[in-house]
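Here's the structure we're looking at; comments come further down.
The values are calculated or read from the model by the stated rules, or taken from the named source; none is laboratory data. Because the structure is predicted, anything quoted here is derived from the model rather than measured. In this analysis, Cβ positions are derived from the backbone assuming ideal geometry, glycine residues included, and neighbour counts consider all displayed protein chains. When the accessible area is computed, the model is the full protein with side chains, heavy atoms only, and any ligands, DNA or RNA have been set aside. Shrake-Rupley method; radii C 1.70, N 1.55, O 1.52, S 1.80 Å.
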Amino acid sequence: MAQIVQTIYDGYRDLMDNKSDPRVNNWMLMSSPFPTLCICLFYAYFVKVLGPKLMENRKPFDLRRVMICYNLFQVIFSSWLFYEAFVSGWGGQYSFKCQPVDYSTRPIAMRMARGCWWYYFSKFIEFTDTIFFVLRKKNNHISTLHVIHHGVMPMSVWFGVKFTPGGHSSFFGFINTFVHVVMYSYYLLAACGSRIQPYLWWKKYLTALQMIQFVLVMVHAFQLLFVDCNYPKAFVWWIGMHAVMFLFLFRQFYNETYKKKSKMSSKQRSKTLKYDEQQETQKGRDDKENNSNDNGMIYANQYKMVTGYISDSGLRNRVFIDNRGFDE
């Protein structure tokens with residue numbers, strides 16, 4: 001048993017010390033995967049267990065202004081990350097078919113590596129999305145998809161920065177930062193209040209954009225299985241399978257959120273129309289019955305009546321005179 005543990009440890013040290021990119025070994029949180037793993041596990045525990053328990057007997061926080069500032073920051077930060085990925089690679093220097101990692105210390109290569117690290121760090125900042133749900137007691141928004149998506153990404157990106165900071169797999173970060181610019185712009189507008197709500201009809205198209213993102217990443221990654229490229233096949237599978245997993249989860253979320261809601265709306269409209277038809281039918285029956293009962297009867301609200309008295313053999317008899325059509 002001790003020999004097995006020693007073998008695993010030696011393999012781990014060889015991977016960390018000899019197979020990783022030496023340029024990033026001394027960067028923050030890059031020396032070992034365990035700090036990142038611990039942060040991700042604590043995040044999942046906090047948002048699903050500890051946070052809701054702490055907020056159980058407390059009033060939800062009013063964070064509208066804080067959320068406006070946060071989402072504005074995320075729009076700006078995501079725009080900067082997208083720009084960095086564009087100018088240091090995907091704006092013309094990189095090939096979409098095959099792009100090996102440039103492990104040199106050239107300024108452009110180091111700029112891409114630093115951009116990859118900041119993209120990794122941004123995944124921790126995105127934990128704030130879920131923390132806001134906890135503090136506002138919106139626990140129904142903390143779905144399995146939400147927790148998996150936010151909880152897995154820092155760990156996934158850590159391996160990318162540790163071993164391949166740049167090159168083919170950085171396409172994921174490039175397109176993801178663009179999607180985040182759109183996504184946090186939506187959240188920014190939503191945080192502005194009810195006056196903006198009528199203009200936020202495009203939420204489901206934002207989810208569709210996220211799914212398109214994963215399809216593009218999946219196709220872009222798996223093409224290297226059929227192309228000879230000096231890029232680690234392990235990371236082809238790593239990135240590609242992440243895209244497959246998230247595509248499946250987002251597609252499930254889309255179907256449950258929008259398609260079921262659409263079906264429910266259709267059923268509700270059908271029920272409403274059926275109810276209206278029943279009401280109209282009943283009204284017609286009631287009108288017909290009332291008309292039948294009204295034959296030979298005169299109502300004061302329909303006709304103007306005058307009362308006169310005539311004398312017949314000393315008896316006073318009361319009679320009604322219909323004066324329909326008389327002037328008022």
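Every test in (1) open to solvent by less than 50 Å² (accessible area, probe 1.4 Å); (2) touching a Lys or Arg at 6+ places or on another chain (Cβ under 8 Å); (3) modelled with pLDDT of 95 or more; (4) not basic (Lys, Arg) is passed by residue 60 save one, and that test is (1).
For segment 30-57, the set of residues classified as open to solvent by 80 Å² or more (accessible area, probe 1.4 Å), farther than 20 Å from residue 155 by Cα and not aliphatic (A, V, I, L, M) consists of 53, 56, 57, listed by residue number.
Any chance you could count how many residues in segment 183-236 are among the polar types (S, T, N, Q), open to solvent by 30 Å² or more (accessible area, probe 1.4 Å) and either modelled with pLDDT of 90 or more or farther than 30 Å from residue 63 by Cα (or both)? Total meeting the criteria: 3.
To keep it simple, each residue is scored yes or no on (1) of a type in the set (A, V, I, L, M, F, W, C); (2) touching a residue at least 60 places away in the same chain (Cβ under 8 Å); (3) surrounded by 19 or more Cβ atoms within 10 Å (Cβ to Cβ); (4) farther than 30 Å from residue 61 by Cβ.
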| site | (1), (2), (3), (4) |
| --- | --- |
| 95 | no, no, no, yes |
| 105 | no, yes, no, yes |
| 112 | yes, no, yes, yes |
| 139 | no, yes, no, no |
| 152 | yes, yes, no, no |
| 166 | no, yes, yes, yes |
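Pairs are defined by a Cβ separation below 7 Å, a sequence spacing of at least 6 or placement on different chains, a first member in segment 21-46 that is within 12 Å of residue 162 (Cα to Cα) and of a type in the set (Asp, Glu), and a second member that is modelled with pLDDT of 95 or more and crowded, with 16+ Cβ neighbours inside 10 Å; the pairs so defined are 21/162; 21/163; 21/165. Looking at segment 1-99, the helices (runs of 4 or more DSSP H) lying wholly inside it that each contain 1 or more residues that are more than 30 Å from residue 133 (Cα to Cα) sit at 2-14, 64-85. Confirm whether residue 178 is farther than 26 Å from residue 69 by Cβ and open to solvent by 30 Å² or more (accessible area, probe 1.4 Å). No; evaluated as a whole, the condition is false for this residue.
Counting residues in segment 69-83 that are more than 19 Å from residue 177 (Cβ to Cβ), without any contact (Cβ under 8 Å) to a residue 24 or more places away in the chain and of a type in the set (Ser, Thr, Tyr) gives zero. Scanning segment 229-248 for residues being more than 18 Å from residue 15 (Cα to Cα), aromatic (Phe, Trp, Tyr) and outside any helix (DSSP H, G or I) gives a total of 0.
For segment 172-181, the condition holds for at least one residue, the condition being that it is touching a helix residue (DSSP H, G or I) at 6+ places or on another chain (Cβ under 9 Å), among the β-branched types (Val, Ile, Thr) and closer than 18 Å to residue 248 by Cα.
What residue, among those in segment 100-118 that are charged (D, E, K, R) and assigned to a loop (DSSP other than H, G, I, E, B), is farthest from residue 183 (Cα to Cα)? For segment 100-118, the residue satisfying everything is 106.
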